[in-house]
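Please treat every number below as a calculation from the coordinates, not as lab data. Remember, it's a predicted structure, so these values are computed and weren't measured experimentally. Neighbour counts are summed over all protein chains in view; Cβ atoms, including those assigned to glycine, are modelled from backbone coordinates with ideal geometry.
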Amino acid sequence: MEYIIAFLVGGAICAIGQLIIDTTKCSNAHLLVGLVCLGAVLSGLGVYEPFQEFAGAGALVPVMGFGSSITKGMLSELERLGWEGLFTGAFEITGLGLAAGIVFSSIWALLRKPHK
Amino acid sequence: MKPQEYQKLVQENSAPRPLLKNVLWAFFVGGLICTIGQVVLNIATKTENTKAEASAVTLAVMILIGTILTAFGVYDELAEKGGAGAAVPITGFANTMTSAAMEFRREGILLGMGAKMFVIAGPVIVFGILSGFIVTLIKVLILKLL
């Protein structure tokens with residue numbers, strides 16, 4: 001069941017994104033930035049947490065989940081460390097993925113030639 | 001003819017974009033990627049201690065999958081069909097990093113690969129952190145004042 005919910009919710013977010021790209025002058029980059037900010041703000045308002053509880057990866061995997069993870073990290077580190085958490089928290093949850101992205105992107109760039 | 005008039009003429013005469021088809025493809029591809037994410041999340045929930053750790057691991061694994069599919073040219077084909085369905089999931093974020101790193105590698109390791117890797121991922125990180133910072137700050141200040 002949770003797979004079906006993840007499929008439907010994740011698919012719906014992407015379909016709305018496609019609708020925005022096709023019907024407005026919004027570019028891919030604008031859409032991604034907008035979704036990240038939306039996720040971060042919704043998480044701060046306490047709305048994203050219950051949504052992710054319901055939709056699982058359908059809420060986490062779209063880039064909104066990345067934004068929400070930034071805010072979530074800040075809030076939890078703020079509690080643990082005090083004001084420093086407001087800054088270090090940005091990478092509390094996302095840092096693993098970001099560093100992995102940098103490492104593997106570099107490896108592939110060194111090993112493989114671009115296509116086309 | 002004014003530029004605006006020309007634009008209007010072009011818009012009227014160009015073939016209508018297959019909106020419904022694009023949206024359905026985005027739905028299908030995006031949904032599929034999120035379903036794979038759910039498999040990873042379920043495994044990570046078992047192996048990690050906290051929910052935050054499970055989220056972190058899931059994001060990282062999806063990013064890893066994104067970089068691999070990009071390196072072997074699979075993701076570009078997926079993006080051609082899926083559009084936003086391939087761009088919006090975190091794998092699309094990884095795709096922008098890897099494809100930029102691979103493409104600009106020939107401009108040098110430092111200023112090519114190193115600098116241009118974040119040409120699209122950079123704004124996402126910058127504005128994600130800025131909006132997260134602002135909303136967290138406001139939340140803390142309100143809680144302190146009340």
- [ ] Can you put A:3, B:75 in order of Cβ neighbours within 10 angstrom, beginning with the fewest?
- [x] A:3, B:75
Open item on the list: Using a Cα-Cα cut-off of under 27 Å, which lysines could be cross-linked to residue B:116, ignoring same-chain neighbours fewer than 8 residues away?
Closed with: A:25, A:113, A:116, B:81
TODO: Could you please rank A:37, B:34, A:14, placing first whichever residue has the fewest other Cβ atoms within 10 Å of its Cβ?
DONE: A:37, A:14, B:34
TODO: Obtain the nm distance between the two label points defined at residue B:24 and residue B:142 by a simple spin-label model: each point lies 7 Å from its Cα along the Cα-to-C-beta direction.
DONE: 4.3
- [ ] Give the order of B:117, B:1 when sorted by the count of other beta carbons within 10 angstrom, beginning with the fewest.
- [x] B:1, B:117
Open item on the list: Over chain A, what is the relative contact order in percent, taking alpha-carbon pairs closer than 8 angstrom and at least six residues apart?
Closed with: 22
- [ ] In debye, nearest 20, what is the charge dipole magnitude of chain B about its Cα centre with +1 on Lys and Arg Cβ and -1 on Asp and Glu Cβ, if you could check?
- [x] 340
Open item on the list: With +1 on the Cβ of every Lys and Arg and -1 on the Cβ of every Asp and Glu, and nothing else charged, how large is the dipole of region A:2-111 about its Cα centre, in debye rounded to the nearest 20?
Closed with: 280
Task: Length gained when the stretch residue A:38-residue A:99 is fully extended (0.36 nm per residue, less Cα-Cα span) - done: 19.6 nm
TODO: From other protein chains only, count the Cβ atoms within 10 Å of every residue's Cβ in A:76-88, then give the mean.
DONE: 1
Task: Size of charge dipole - the protein assembly as shown - debye, nearest 20, with Cβ of Lys, Arg +1 and Asp, Glu -1, no other charges - done: 520
Task: Stretch gain in nm, segment residue A:76-residue A:8, where the contour uses 0.36 nm per residue and the Cα spacing is subtracted - done: 21.5 nm
TODO: Answer with one residue from A:71, A:98, A:82: the one whose Cα lies farthest towards the positive end of the charge dipole of region A:59-116, charges on Cβ with Lys, Arg +1 and Asp, Glu -1.
DONE: A:98
Task: Long-range amide H partners of residue A:26 with built H, under 5 Å - done: none
